[in-house]
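**Student:** Quick one: this structure, given as structure tokens, is what I'll be asking you about.
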Amino acid sequence: DSSLWRSAHENRINMAFKGEDYLDSLSFPVQRMHLIQVDSVQRWMEDLKLMTDCECMCILQSKPISIEKDEQNELILSSQYSTCDNLQLLLKRAWIISTELTRIAQKLEKNRWQRVHSMTVRVNCHVHSMINEYNTFTRTSSEEMHQLEKLLIEKCSEFTAFTERCLQTEDEEILKSMKSCVNETLTSVAQYFGQLIELVLTQEAQNLLRQIELSGSLYVTESAISSLFSLAQEGAHLCRIIAKEGGVVVLFKICRQDCFRCLYPQTLRTLASICCVEEGMHQLEKVDGILCLADILTDTSHSEATHAEAAAVIAQITSPHLTFTQHLSSFLENMEEIVTALVKLCQEASSGEVFLLASAALANITFFDTMACEILLQLNAMKILLAACSDKRIVDTPYSRDQVVTILANMSVLDQCASEIIQGNGVQLLMEMLFERSSSGNPAEAAACERVQQKSAVTLARLSRDPEVAEAAVKLSCIPRLIKLCRSPTERNNSDSVLVACLAALRRLAVMSPDGLEDSDFQQLVKPRLVDSFLLCTNMEESFV
């Protein structure tokens, strides 16, 4: 899983190790000194330029400032205050080491022994730095941790010695035989490194959860939850560790205590992150998490921020992309009151972000169970959502429109939906959505625009079985727009899914209003089999070959 800390430091790391000649370009005054011609000294001097940066960092960060009690206490307090920063530093260092190990394997395949050795020395330094950095801010290292640290350091030293010996021979046969040993050692280093990082992260998760569970202090609890949230942002693997250590259970305990009400939004946001993995979902079910979320959503004394974050958790656990939601049996028991609360949140949303979270939860629920669409119809949700779309302050991004049109598409399977669409001027909205285009060029936004186009076409195709809806669509010139989307790849951002949806909608409208199409459009887009029209449209880009 690609972690947030990776993206935060990727450019800096890439610049630091940009070219293979980067290290050679460093200038050290020692290179101009007269040296005694001793092999060991020369070797040390060659390695020094690779080690200096890491070693200086290592010594400066690990060297104790004082052994006086008062000053030691100040150091400990400082460490506790910057736990999150320390973890980020650890994760950054871990990513550097992981990247370097991958690069070593690549260079080893190409038999570039000089580079393999220099990179091995660098990894050795980074490992020492990482261990020293971690030991400066933790005081609870286990015996298992110390043992793994010792094994990793020994294996790194062995690895460096191996690669150094490989530099001293030019015999191809000897190098070939040594290469397998180097590969085995590299595998061992990677294995010990992975085990150590796993243990470190598990220990840190345990420490944070212990603080949350045992501390009665609002400040300490808030700080620990904040650090836990930062940890959960590092990817699914970290979320699994937190979930396995009981993170979901501990956080729901917070959500059931009135004295921590001001921490509910932050706690729920952390829960939403952790529940992206199966282990988190299982824990949520065990502690009746759905019931707790339903209670929060229906309790009008909670703030809008709390309701919005509870909606975010619902959106996460009902995501159609997850394959492990089948066990959420308790969700069906509470679905009606949850859906009711979410519709109310959409109606009363004071910002686009709140509306997005609430509508995303509703959109996912309509995939989760078809009964949700009937509940939404009874609650006049169609009218509320269509009204919200006319308020550019609330529905202000393609992401929000994506959620709305998803709900409309899933509700459009119900026969009663057509009249609601007509009354709420929904056909006009669907027509506008067919023109959805990204203004920023951002890939995520462009993908959202494609989904809006696709789902609006799907909704039109489903609703156009009703003659009144089809007539309204024809009057609003939906047919020319659908033809344009079919024939012009750039209009649909070269999306095949948009093309298929538009062809389906066009064929449905053509049945209701055959006079709205020119003969060439009918012959190419309506009359042939759908797959033939699809192939024709995908080959319409002009060739200059």
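**Student:** Can you give me the accessible area per residue for the range 425-544, using a 1.4 Å probe, in Å²? Please report the intermediate quantities before stating the final value.
**Tutor:** On the way: 5880 Å² over 120 residues.
Per-residue value: 49 Å².
**Student:** Only four residue types carry charge here, +1 at the Cβ of Lys and Arg and -1 at the Cβ of Asp and Glu. Report the dipole size of the range 425-544 about the Cα centre in Debye, rounded to the nearest 20.
**Tutor:** Numbers: 14 positive and 16 negative charges, 61 e Å.
The calculated dipole for the range 425-544 is roughly 300 debye.
**Student:** Would you work out which of LEU386, LEU328, PRO398 lies farthest towards the positive end of the dipole of the range 313-423, given +1 charges on the beta-carbon of Lys and Arg and -1 on that of Asp and Glu, about the Cα centre?
**Tutor:** PRO398
**Student:** Next up: Show ASP515, ASP415 ordered by accessible area, largest first, where the area counts protein heavy atoms only and the probe is 1.4 Å.
**Tutor:** On the way: ASP515 145, ASP415 115 Å².
Ranked from most to least accessible, the order is ASP515, ASP415.
**Student:** Compute the length gained on full extension between VAL41 and LYS475: take 0.36 nm times their separation in residues and subtract their Cα-Cα distance, giving the result in nm to one decimal. Let's see the in-between values first.
**Tutor:** Working: separation 434, 0.36 × 434 = 156.24 nm, distance 8.74 nm.
Using 0.36 nm per residue and subtracting the Cα-Cα distance, I get 147.5 nm.
**Student:** I need the calculated FRET efficiency for the pair GLN257 and GLN233, taking r as the beta carbon distance and R₀ as 30 Å, to the nearest 0.05. It would help to have the intermediate numbers written out before the result.
**Tutor:** Numbers: r = 25 Å, r/R0 = 0.82.
The value I calculate is 0.75.
**Student:** For the range 313-423, give the percent of accessible area contributed by carbon and sulfur heavy atoms, probe 1.4 Å, rounded to a whole number.
**Tutor:** On the way: 2310 of 4620 Å².
On the range 313-423, the fraction of accessible area on carbon and sulfur atoms equals 50 percent.
**Student:** Hey, another quick one. Using a Förster distance of 60 Å, how high is the FRET efficiency between LYS527 and ASN207, based on the Cβ-Cβ distance and rounded to 0.05?
**Tutor:** Working: r = 69 Å, r/R0 = 1.14.
Efficiency, from the Cβ-Cβ distance: 0.30.
**Student:** Per residue, how large is the accessible surface of the range 143-199? Use a 1.4 angstrom probe and give square angstrom. Intermediate results must be reported in sequence, preceding the final value.
**Tutor:** On the way: 3200 Å² over 57 residues.
On a per-residue basis, 56 Å².
**Student:** Percentage of Cα-Cα pair distances in the range 313-423 greater than 20 Å, rounded to whole percent?
**Tutor:** 35 percent
**Student:** What distance in nm lies between label points placed 7 Å from Cα along the C-beta direction at GLN378 and SER419?
**Tutor:** Rounded to a tenth, the inter-label distance reads 1.7 nm.
**Student:** Continuing with the same structure: Can you compute the charge dipole magnitude of the range 80-203 about its Cα centre, using +1 on each Lys and Arg Cβ and -1 on each Asp and Glu Cβ, nothing else charged? Give it in debye, rounded to the nearest 20.
**Tutor:** Working: 14 positive and 16 negative charges, 81 e Å.
Dipole size: approximately 380 debye.
**Student:** Which trypsin sites (Lys or Arg not before Pro) in the range 465-545 sit in a loop by DSSP (not H, G, I, E or B) and have at most 15 other Cβ atoms within 10 Å of their own Cβ?
**Tutor:** Details: sites: ARG465, LYS475, ARG481, LYS484, ARG487, ARG492, ARG507, ARG508, ARG529; in loops: ARG465, ARG529.
Of the trypsin sites (Lys or Arg not before Pro), the ones in loops of the range 465-545 whose Cβ has at most 15 other Cβ atoms within 10 Å are ARG465, ARG529.
**Student:** Would you work out the Kirkwood radius for the range 264-312? I mean one over the mean of 1/r across all pairs of different Cα atoms, in Å. Mind showing how you got there, number by number?
**Tutor:** Details: mean 1/r = 0.0913 Å⁻¹.
Kirkwood hydrodynamic radius for the range 264-312: 11.0 Å.
**Student:** Report the rotationally averaged projected area of the range 215-287 based on its alpha-carbon convex hull, in square nanometres. Display every interim value, and only then the final one.
**Tutor:** Values: hull surface 17.0 nm².
With every direction weighted equally, the projected area is 4.2 nm².
**Student:** Percent of accessible area on the range 80-203 owned by carbon and sulfur, 1.4 Å probe? Can you show the working numbers first?
**Tutor:** On the way: 2820 of 5670 Å².
Of all accessible area on the range 80-203, carbon and sulfur atoms account for 50 percent.
**Student:** Follow-up question, since we're still on this one. Any idea what Rg and Dmax come out to for the range 453-499 if you just take the C-alpha atoms, in Å?
**Tutor:** Gyration radius and largest Cα-Cα distance of the range 453-499: 11.1, 32 Å.
**Student:** Quick one: 3J(HN,Hα) in Hz for the range 147-156, Karplus 6.51/-1.76/1.60 with θ = phi - 60°, rounded, Gly and Pro as x.
**Tutor:** Per-residue couplings from phi come out as 5, 5, 4, 5, 4, 5, 4, 4, 5, 5 Hz.
**Student:** Another question, then. Kindly flag which residue pairs out of LYS107/LYS155; LYS92/LYS150; LYS253/LYS383; LYS110/LYS150; LYS286/LYS455; LYS344/LYS392 have an alpha-carbon separation exceeding 29 Å in this structure.
**Tutor:** Values: LYS107/LYS155 19 Å; LYS92/LYS150 21 Å; LYS253/LYS383 38 Å; LYS110/LYS150 31 Å; LYS286/LYS455 36 Å; LYS344/LYS392 19 Å.
Pairs exceeding the cut-off: LYS253/LYS383; LYS110/LYS150; LYS286/LYS455.
**Student:** Between GLU144 and SER330, with labels modelled 7 Å along Cα→Cβ, what's the label distance in nm to one decimal, could you check?
**Tutor:** 2.9 nm
**Student:** Now a separate question. With +1 on the Cβ of every Lys and Arg and -1 on the Cβ of every Asp and Glu, and nothing else charged, how large is the dipole of the range 313-423 about its Cα centre, in debye rounded to the nearest 20? Write out the running numbers ahead of the final one.
**Tutor:** On the way: 5 positive and 12 negative charges, 63 e Å.
With only Lys, Arg, Asp and Glu charged at Cβ, the dipole is about 300 debye.
**Student:** Above 25 Å lies some portion of the pair distances; for the range 425-544, what is it as a whole percent of all C-alpha pairs?
**Tutor:** Percentage above 25 Å: 18.
**Student:** Count neighbours as other Cβ atoms within 10 Å of each site's Cβ, and list the chymotrypsin sites (Phe, Trp or Tyr not before Pro) in the range 447-545 that are DSSP loop with at most 11 such neighbours.
**Tutor:** On the way: sites: PHE522, PHE534, PHE544; in loops: PHE544.
Passing sites in the range 447-545 are PHE544.
**Student:** In whole Å, what are the Cα extents of the range 217-348 along the three principal axes, biggest one first?
**Tutor:** 35, 34, 22
**Student:** Same structure, new question: Let me have the relative contact order for the range 425-544, percent, based on Cα pairs under 8 Å that are six or more residues apart. Spell out each step's value before the answer.
**Tutor:** Numbers: 133 pairs, mean separation 30.4, N = 120.
Relative contact order of the range 425-544: 25 percent.
The values are calculated or read from the model by the stated rules, or taken from the named source; none is laboratory data. None of the values given here were measured: they were computed from a predicted structure. Counting neighbours? That spans all protein chains shown, and the Cβs are built from the backbone with ideal geometry, glycine included. Areas reflect the complete protein model, heavy atoms only, side chains present, ligands, DNA and RNA absent. Shrake-Rupley method; radii C 1.70, N 1.55, O 1.52, S 1.80 Å.
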